[in-house]
1. From the list 81, 48, 38, 70, exactly one residue is farther than 22 Å from residue 147 by Cα and modelled with pLDDT of 95 or more. Which is it?
2. Restricting to region 314-340, and then to whatever is surrounded by 15 or more Cβ atoms within 10 Å (Cβ to Cβ) and over 21 Å from residue 68 (Cβ atoms), can you tell me which residue is modelled with the lowest pLDDT?
3. Name every residue in region 230-251 that is crowded, with 19+ Cβ neighbours inside 10 Å and closer than 16 Å to residue 100 by Cα, in order of residue number.
4. Give me a count of the residues in region 78-102 that are surrounded by 14 or more Cβ atoms within 10 Å (Cβ to Cβ) and under 20 Å from residue 181 (Cβ atoms).
5. Identify the residue in region 84-107 that is in a helix (DSSP H, G or I) and touching a helix residue (DSSP H, G or I) at 6+ places or on another chain (Cβ under 6 Å) and, among all such residues, is nearest to residue 280 (Cα to Cα).
6. Please give the number of the condition residue 83 fails out of (1) farther than 30 Å from residue 231 by Cα; (2) touching a residue at least 40 places away in the same chain (Cβ under 8 Å).
7. Among (1) modelled with pLDDT under 95; (2) under 23 Å from residue 227 (Cβ atoms), there is one condition residue 275 misses while meeting the rest; what is its number?
8. Kindly check whether there is at least one residue in region 327-335 that is within 30 Å of residue 146 (Cβ to Cβ) and in contact (Cβ under 8 Å) with a residue 12 or more places away in the chain.
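The values are calculated or read from the model by the stated rules, or taken from the named source; none is laboratory data. What you see is a predicted model; the values in this text were computed from it and never measured. Reconstructed Cβ throughout: ideal geometry from the backbone, glycine too, with neighbour counts over all protein chains shown.
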């Protein structure tokens with residue numbers, strides 16, 4: 001092909017007689033090929049994650065969150081490759097009522113930990129719309145100073161309708177973050193609800209943020225969440241709100257005394273803090289370390305991690321069965337027809353479920 005013909009196909013304006021340059025830097029092109037859909041190399045990604053490369057870590061989490069059938073095998077290899085390098089972090093779940101300032105607290109707390117020499121990963125679960133299936137995923141924009149830190153990694157993920165606001169693949173994302181060398185993993189959940197117990201099942205320490213001055217302090221939260229909390233923080237304790245925060249602190253302390261003792265011998269604490277002014281953050285870290293010392297000494301920490309491994313087993317079985325069921329062609333062919341029959345009232349959902357399961361099991 002002549003130089004003139006080449007120039008017609010390029011945005012570059014090259015003088016006649018001069019060889020047409022490549023439109024893409026060949027070195028960059030070679031690197032980009034590693035990330036092309038369907039051509040990712042599991043070993044390359046695992047190596048990058050273990051070396052602490054945040055780009056590879058992001059790519060790995062994207063793969064394990066993917067619902068595409070073609071991504072499942074490589075996601076499985078990545079998890080298996082990272083597992084031997086995981087388990088060495090402290091996993092902290094952070095939840096609270098909407099508007100309590102979770103993102104501001106996490107930024108303040110994360111910066112504090114990094115100043116102490118820690119590497120901090122934040123897995124922020126954003127609510128998904130059931131109507132549009134979309135999610136804002138704005139936590140990086142809300143944690144500006146933390147997101148630019150070298151030893152910080154912030155990963156917003158859509159909850160995708162998962163019960164309790166915890167994304168289905170959060171467990172696996174924690175494994176990848178630990179393999180990448182992050183020694184503190186903060187899991188921010190959507191908010192308080194009856195199913196928020198999901199976060200307590202994947203972390204070592206459960207931290208609940210609350211506000212003062214909202215009327216009857218104990219009406220804004222379910223008892224079940226308070227029973228799971230290892231530490232309750234009355235946030236935004238600054239300015240004119242300090243006295244209200246102290247009053248709320250006493251009310252929550254009185255309420256906690258009515259709850260039965262925990263099996264780990266820990267007595268849940270209530271503290272005040274101002275994320276805006278970074279006040280009370282050092283006391284919070286001290287409380288967390290006190291909890292760790294106690295639970296590691298009495299064996300509860302190790303026992304809880306073992307129980308979580310058992311829960312992963314059950315969840316993995318359930319996940320595989322669901323994928324197998326809905327991936328079966330016979331089920332796919334009948335599912336839409338059955339749904340329409342249920343809508344029209346000609347079939348009830350219980351009989352429909354029995355019929356589909358009979359198809360699946362070949363009865």
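1. Working: 48 fails: farther than 22 Å from residue 147 by Cα; 38 fails: modelled with pLDDT of 95 or more; 70 fails: modelled with pLDDT of 95 or more.
Going through 81, 48, 38, 70 in turn, just one is farther than 22 Å from residue 147 by Cα and modelled with pLDDT of 95 or more: 81.
2. Looking at the filtered set, the residue picked out is 334.
3. Quick first cut of region 230-251, residues crowded, with 19+ Cβ neighbours inside 10 Å only: 230-237, 245, 248-249.
Hits for region 230-251 are 231, 232, 233, 234, 235, 236, 237, 245, 248, 249.
4. Within region 78-102, the subset surrounded by 14 or more Cβ atoms within 10 Å (Cβ to Cβ) is 78-79, 81-83, 85-86, 89-97, 100-102.
Keeping just the survivors that are under 20 Å from residue 181 (Cβ atoms) gives 78-79, 81-83, 85-86, 89-92.
Residues in region 78-102 being surrounded by 14 or more Cβ atoms within 10 Å (Cβ to Cβ) and under 20 Å from residue 181 (Cβ atoms): 11 in total.
5. Of region 84-107, the ones in a helix (DSSP H, G or I) are 84-85, 102-107.
From the residues that got through so far, the ones that are touching a helix residue (DSSP H, G or I) at 6+ places or on another chain (Cβ under 6 Å) too are 85, 103, 107.
Numbers: 85: 33, 103: 16, 107: 14 Å.
Selected residue: 107.
6. (1)
7. (2)
8. Taking every residue of region 327-335 in turn, none turns out to be within 30 Å of residue 146 (Cβ to Cβ) and in contact (Cβ under 8 Å) with a residue 12 or more places away in the chain.
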